[in-house]
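Below you'll find the structure, written out as structure tokens, and then a few comments.
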Amino acid sequence: MGIVELMQARELAVGDVLVSATGGSYEITRVARVGRGIRVQYLTEEGRQGRLTAAPESIIRARRSHATHAA
């Protein structure tokens with residue numbers, strides 16, 4: 001596991017894990033700019049695909065992937 005952080009949607013990266021208030025987790029597979037928003041595609045724990053669009057300044061609960069940590 002990792003530490004759950006509050007971050008802006010613009011900080012999300014592939015490999016990070018979105019965390020819902022009920023404890024569900026969703027692994028980010030793609031992040032793209034769409035107009036003024038951020039489109040995030042993810043996989044659920046069961047392997048189903050989903051997506052959401054958020055404002056860049058919106059607050060998201062997520063765990064950072066090990067690959068996105070600075071060395």
Among (1) acidic (Asp, Glu); (2) touching a residue at least 40 places away in the same chain (Cβ under 8 Å); (3) surrounded by 10 or more Cβ atoms within 10 Å (Cβ to Cβ), Glu27 falls short only on (2)
Taking the condition of being of a type in the set (A, V, I, L, M) and under 10 Å from the mean Cα position of the chain (by Cα), how many residues in region 50-70 meet it?
3
Any residue in region 48-61 that is of a type outside the set (A, V, I, L, M, F, W, C) and out of contact with any strand residue (DSSP E or B) (no Cβ under 8 Å at 6 or more places or on another chain)?
yes
Pair list, Cβ under 6 Å, 6 or more apart: region 44-55 residue on the phi < 0 side of the Ramachandran plot and surrounded by 13 or more Cβ atoms within 10 Å (Cβ to Cβ), other residue at pLDDT below 95 and assigned to a strand (DSSP E or B)
Thr53/Gly37
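The values are calculated or read from the model by the stated rules, or taken from the named source; none is laboratory data. Keep in mind that what you see is a predicted model, and the values were worked out from it rather than measured. All Cβ positions, glycine included, derive from the backbone under ideal geometry; neighbour counts span all protein chains shown.
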